[in-house]
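Okay, structure first, notes after.
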Amino acid sequence: MAYFAPGRAHNIHVLAREQEALALHFADSRADKFSSLNYQLNAAGVPLLSGCVAHFECRTEMWHAGGDHIIIIARLERFAVFFCFFLLFYRGQFIYISLAIGKI
């Protein structure tokens, strides 16, 4: 939970339909998931992955225990959204959904 401590910056990425392997890469239990990836750091020094449908740059306000999950309340600082099909993991499988709102 140190990465999501109050005041810490983090990014949320919405993956494109052709990034299923990247989703599985992050689902793996390896400790350093970024060591084999190409990425850029944002102004807060947090990795931004390329080729994503969208990314949201956030800062944790607080978090709460919620059963076997942690609920993170974060402030959105910056975002980018691109036209594409995005990847969603739903009921044990990957599905693809069209996002057609353009770049914001």
Inset, instruction - Give the residues of the stretch 8-54 that are hydrophobic (A, V, I, L, M, F, W, C), part of a loop (DSSP other than H, G, I, E, B) and open to solvent by less than 60 Å² (accessible area, probe 1.4 Å), sorted by residue number. - result: L15, L37, A44, V46, C52, V53
Legend entry - Hits in the stretch 74-104 (condition: surrounded by 12 or more Cβ atoms within 10 Å (Cβ to Cβ) and modelled with pLDDT of 90 or more): A74, E77, R78, F79
Inset, instruction - Just one of (1) at pLDDT below 95; (2) loosely packed, with under 13 Cβ neighbours inside 10 Å; (3) touching a Pro at 6+ places or on another chain (Cβ under 8 Å) trips up W63, so point out which. - result: (2)
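The values are calculated or read from the model by the stated rules, or taken from the named source; none is laboratory data. Model, not experiment: these values are computed from the prediction. Cβ: placed from backbone, ideal geometry, glycine included. Neighbour counts: every protein chain shown. These area figures cover heavy atoms from the full protein model, side chains too; ligands, DNA and RNA do not enter into them. Shrake-Rupley method; radii C 1.70, N 1.55, O 1.52, S 1.80 Å.
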